[in-house]
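See below for the structure under consideration.
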Amino acid sequence: MAVDSSAAVRRVPAPLGILLLLALLLLAGAVSVMTGAYPLQLSDIVASLWPRVEADPLAQMVLQDVRLPRLILGLLAGAVLAVSGALLQGLFRNPLADPGLIGVSAGAGLAAVAVIVLGSTVLSGWTAFTGRWALPLAAFMGGSLVTFLAWRIAHRQGQTSVATLLLAGIAINAIAGAGTGLLTFMADDAQLRSLTFWSMGSLAQATWSDIAVAGPWMLLALVLAPLLARPLDAFLLGEPVAGHLGYSVDWVKRAAILLAALGVGAAGAVTGLIGFVGLVVPHVMRQLFGAGHRMLLPASALAGGVLLVAADAAARVVVAPAELPIGLVMALVGGPFFLGLLLRNRMV
Amino acid sequence: MMPQSPPLPLLSIRELGITVGQRSLLSSLTADLWCGELVGLLGPNGAGKSTLIRCLAGELSPTSGDIEVQGRALKAWPRKALAQCRGVMPQKAETSFPFTAREVVALGFGQQARSRQATLDKVMARLQVEHLADRLIGTLSGGEQQRVQLARVLVQVWDTPPPRLLLLDECTSALDPAQQQLVFSLLAELTAEGYGILAAVHDLNLAAQYADRLWLMAEGQLCDHGYTKDVLTPANLQKIYQLDARVMTLAEGYPLVVPSRQPNGGHTVARLKGDADPRPAV
Amino acid sequence: MRLGGWVVMLACLLGQANANEAMPRIISADGAITEIIVALSAQQSLVAVDTTSRYPEDVTGPLPKVGYLRALPFEGMLSLRPDWLITSEEAGPEITLQRLQQAGVKVARLPVVDSVTAAVARIRVLGSLTDREPQAEQLALQLESKLALVQQVSAQRDYRPRVLFLLAEGNHGVMLAGRETTADALLSALGADNVMAEVEGYKPVSQEALLASRPDAIIIAETRAGQFRPADWPLLTRLPAWQQGHRLVADSMFLLGFGPRLGEALLAVHDVLPGKQVSVRGR
């Protein structure tokens, strides 16, 4: 076969890519801090961030209690969703895998809807016990529990069958979906609206205490994920090859599922369900930087943060003074973008 | 002739058996492989060659028997240490992700502390894939992919001091004859550098040309093993493959298998056990 | 007690009320509250409303919308520099309301109105909140006299009509109103019984259950004009009550808002109730 030198793959060099993403991150962060329904001047922002300068108390409040927690939660959630997507896509060797596949979202959704609908009746004990954290805690536990269940089903004699895991995920998704449907049926109008808003995701209610509670888990997932980079690279050649290369195949599977469930569960608990980040971001990063996870994971983390922060800024201003749920913005922007990408690649 | 060997076999198989449900895939298989030899693993489709290699690679757990590598039970090896002295090339590897050929080869370094660029370049050059280094693996032809995968397997053990073990499952099935020669002459060279190689092959003459010894398998059992000229006999070929063939010894010193024409005019092919045989029994 | 709650609420709010502002800036996040504010001629104070405030259209239409009352945006509302957020207990999220208060916005969360007396009380509370006590008193008296009239005419009936109340809502399809709903409160104010009293809240409808309920009258509240299509409900339109014209299809805010139009809503429903029981044919 003749060697076609033009077929050599063009990629963004890693250091340049990271620099670009960091620059984008700064830009998105700045835009996010500057935009919102409440008009803030640059001087307000500088004054609010400098403790010694006298600042307009309202501006300070908007900045410190609303925009900054939103920014930080958006960065963390975006990063962890994208990294979880990358982990699972590597694990399943399927670029279409997303955290929904192993049941995290379905489990979290079912638990959250249960709290919304049954919180004042059957689950009043739970809501009384956990108070303000009833919903996020339930969502986190639901997500982890369902993932664990799917994994238990797929785990036999010290080995995890990825195919069984996928099938178990599908079955569990269906069951959780039915449960959610049943609860939705029982819900009154008010509850229905709450659960619709939850399932569309939002950063609007971000508080520092949300970050204090969910942030460490997201950070943990982000910090540990790069440890899986090399084994996941090997996984892309197939599980047996990863084994031949000396990796403990089952340990890698367990760790990847655990980290993804941890990250997505923690993020979903405080933001609601936000789709597309976990699917689109790793996909785009793979096109730019290749499939190697040592670059893919950090790049996905940065790009996921950028995307969610930018989407949140858009969600704030598009219908101001009202706000769009961010999940909706992601689907509105992400869907067509992804389609365009597919079409473009098909033509090349 | 037998090259000089360490006192212990590199790979020792004792009474190996695998049963899945009621079906016996391998049974009471006993053989040794020594450092410095290239063993050709022959047998018709379904004879259990791949099962044996997957078993030796630790992918499948045997139901009975023992496998030892350098005198140490396979299960007792730490993963990492084993990976440094034993490379495995499966029949098929996934190539659906956008890795370049160079990245795939570099994966062979696995958990080793750092990748050695010189080794990588050398191995890729030896397998004539260096010009493909920056192409996506998925865009390569089957033969190119196979050589890239083999490069990955070689890189994995290249810098390890001998003895080193390679388990290769049809590593040349997609290659053209020139490249098959390239790969097998490289493998033959490697045996002299302290490798023991077990290579499952379909091409009898490729095996005849390069293998020091042959293991002949049928129906999950080792039917015959020994030096190439002793194993590659018309009687064995008839018994194992139901193949009518002459075996000539060439001036080069290795045997050549020449299948006979079938009475029905078609070419003789290796038959699967159970296929209807139109000819009367010989 | 509901009424006790109102008194406490009133006292609290009066304590906070801002006397020196001539024209307070108000965000109203509740359809009925918006209606009352407009009826008190305080619409000049409104700087924004929520999505449930759809009446009167000429007032609410041009005003900025702050979204749904359960998902109120903090920054969006703050950017309008309101003095007051007046809404119901249903409003949320909690954190947004807390932050608004921290930012110096007075937040009034009125109890959910579940009876005609509470509807009257709410008018008076809003009167004092908006510094329009005389107008509120007048509006409340008007409403009270209409309620008295309705009670009077209802008393003339010698039986309790059995009424089927349906709610045709956006993506939710058609729901039936059971007990503990404002629809149920509306019916009891008219001395009528809810045929679906064994159901609690709003629940999806089964056509056969409709047929079996054999109501004397059918009331349908729709969130948007034309939302309810009789052609989709052949069994419903075959009921004697429907065929004899004992039916009303009207806007859900009008029927169930319990705002200033409550008297008219009650009279409209009363008008379709049969003077005597509908004869049930066929069974």
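Read-outs throughout are calculated quantities, based only on the coordinates presented, and are distinct from any laboratory measurement. Since we're looking at a predicted model, the values are computed, not measured. All Cβ positions, glycine included, derive from the backbone under ideal geometry; neighbour counts span all protein chains shown.
Could you list B:103, C:198 so that the one with the fewest beta carbons within 10 Å of its beta carbon is first and the one with the most is last? Please list the in-between numbers first.
Values: B:103 22, C:198 8.
The most exposed by this proxy come first: C:198, B:103.
Between residue C:198 and residue C:137, what's the calculated FRET efficiency when r is the beta-carbon distance and R0 is 35 Å? Round to 0.05.
Working: r = 40 Å, r/R0 = 1.15.
Working from the Cβ atoms, E equals 0.30.
Over chain C, the alpha carbon radius of gyration divided by the compact-protein estimate 2.2 N^0.38 Å works out to 1.07. By the compact-protein rule of thumb, 2.2 N^0.38 Å, the alpha-carbon radius of gyration of the protein assembly as shown corresponds to a ratio of 1.30.
Take each complete run of DSSP H in chain A, measure how far its Cα atoms stretch along the helix's own axis, and keep only those covering 15 Å or more with mean Kyte-Doolittle hydropathy at least 0.0; list them. Intermediate values should be presented prior to the final figure.
Details: long enough: A:14-34 (30 Å, 2.52); A:68-92 (36 Å, 1.80); A:104-118 (21 Å, 2.42); A:134-154 (30 Å, 1.48); A:162-186 (35 Å, 1.80); A:189-200 (17 Å, -0.05); A:208-224 (23 Å, 1.61); A:249-271 (33 Å, 1.33); A:277-289 (17 Å, 1.22); A:293-317 (36 Å, 1.16); A:326-347 (31 Å, 1.42).
Span-like helices here: A:14-34, A:68-92, A:104-118, A:134-154, A:162-186, A:208-224, A:249-271, A:277-289, A:293-317, A:326-347.
Among C:58, C:114, sorting on how many other beta-carbon atoms sit within 10 Å of each Cβ, with the fewest leading, yields C:58, C:114.
Viscosity 1.567 mPa s, temperature 4 °C: give me the Stokes-Einstein translational D for segment C:140-230 in µm²/s, with Rh taken as the Kirkwood radius over C-alpha pairs.
92 µm²/s
Computed about its Cα centre, the charge dipole of the protein assembly as shown is approximately 1080 debye, with only Lys, Arg, Asp and Glu carrying charge at their Cβ. Share of Cα-Cα pairs in chain A beyond 38 Å, in percent? The calculated P(r) of chain A puts 19 percent of pairs beyond 38 Å.
Cα to Cα, under 27 Å, and not fewer than 8 places away if on the same chain: which lysines meet these conditions relative to residue C:106? List returned: C:65.
Show that you can apply the helix-only estimate: for chain B, add -39,500 (n - 2.57) for every DSSP H stretch of four or more residues, divide by all residues, and state [θ] at 222 nm to the nearest 500. Write out the running numbers ahead of the final one.
On the way: 9 runs with 84 residues, N = 282.
Counting only the DSSP helices, I get -8500 deg cm²/dmol.
For residue B:221 and residue A:130, a Förster radius of 56 Å and the Cβ-Cβ distance give a FRET efficiency of 0.30, rounded to the nearest 0.05. In this structure, the pairs whose alpha-carbon distance is over 24 Å, taken from A:253/B:80; A:253/B:122; A:253/B:92, are A:253/B:122.
If Lys and Arg each add +1 and Asp and Glu each add -1, what is the summed charge of the other residues whose beta carbon sits under 9 Å from the beta carbon of residue A:204? Can you show the working numbers first?
Details: positive: A:70, A:316; negative: A:312, A:323, C:75.
Net of charged neighbours comes to -1.
Only helices at least 30 Å long along their axis, Cα-based, and averaging 1.0 or more on Kyte-Doolittle count here, so list those DSSP H runs from chain B.
Working: long enough: none.
Qualifying helices: none.
Can you list the GluC sites (Glu not before Pro) in segment C:40-125 that are in a DSSP coil and have 13 or fewer other beta carbons within 10 angstrom? Within segment C:40-125, the qualifying GluC sites (Glu not before Pro) (loop, at most 13 other Cβ atoms within 10 Å) are C:89. For segment A:88-123, the residues whose amide N sits under 19 Å from a probe point set 7 Å from the Cα of residue B:174 along the beta carbon direction are A:93-94. Relative contact order, whole percent, for chain C stands at 16, derived from Cα pairs under 8 Å and 6 or more residues apart.
If R0 equals 60 Å, the separation of the Cβ atoms of residue B:91 and residue C:180 corresponds to a calculated FRET efficiency of about 0.30.
What ranking do B:35, B:171 get, fewest neighbouring Cβ atoms within 10 angstrom at the top?
Values: B:35 22, B:171 25.
The most exposed by this proxy come first: B:35, B:171.
If you restrict to DSSP beta bridges whose two residues both lie in chain C, what percentage is antiparallel, to the nearest 5? Please report the intermediate quantities before stating the final value.
Working: 7 of 34 bridges.
So the antiparallel bridges amount to about 20 percent of the total.
Scanning chain C for DSSP H helices at least 27 Å long along the axis (C-alpha atoms) with a Kyte-Doolittle mean no lower than -1.0 picks out C:133-155.
Restricting to DSSP H runs of at least four residues, report the calculated mean residue ellipticity at 222 nm for chain A, -39500 (n - 2.57) per run over all residues, nearest 500 deg cm²/dmol. Present the calculation step by step, with values, prior to reporting the outcome.
Values: 16 runs with 252 residues, N = 348.
Value at 222 nm, helices only, nearest 500: -24000 deg cm²/dmol.
So for segment A:116-262, averaging the separation of alpha carbon pairs under 8 Å that are six or more residues apart and normalising by length, what relative contact order in percent results? With pairs under 8 Å counted, the relative contact order is 25 percent. Here is the tail figure for segment C:196-283: Cα pairs spaced more than 14 Å apart come to 69 percent of all pairs. Would you mind estimating how fast segment B:136-222 diffuses translationally, via Stokes-Einstein at 37 °C and 0.692 mPa s with the Kirkwood radius over Cα pairs, in µm²/s? For the chosen part, D equals 236 µm²/s.
Counting, for every residue in A:57-67, the Cβ atoms of other protein chains within 10 Å of its Cβ and taking the mean gives 3. Could you work out the Kirkwood radius for segment B:112-268, taking every pair of different alpha carbons, averaging 1/r and inverting it, reported in Å? After inverting the mean inverse Cα-Cα distance, the result is 17.5 Å. When DSSP assigns beta bridges and you keep just the ones with both residues in the protein assembly as shown, what percent turn out antiparallel, to the nearest 5? Of all bridge pairs located within the protein assembly as shown, approximately 45 percent are antiparallel.
Using the alpha carbon gyration tensor of segment A:239-285, what are the three equivalent-ellipsoid semi-axes (square root of 5 times each eigenvalue), largest first, in whole Å? Don't skip to the answer; put the middle values down first.
Numbers: eigenvalues 153, 44, 6 Å².
They are 28, 15, 6 Å, listed largest first.
Kirkwood Rh over Cα pairs of chain B into Stokes-Einstein at 25 °C, 0.890 mPa s: D in µm²/s? Could the numbers behind the result be given before it?
Working: Rh = 19.7 Å.
Translational D for this selection: 124 µm²/s.
Counting pairs of Cα atoms in segment A:201-348, how many percent are more than 29 Å apart? Don't jump to the answer; show the numbers that get you there.
Working: 2731 of 10878 pairs.
Within segment A:201-348, distances greater than 29 Å cover 25 percent of Cα pairs.
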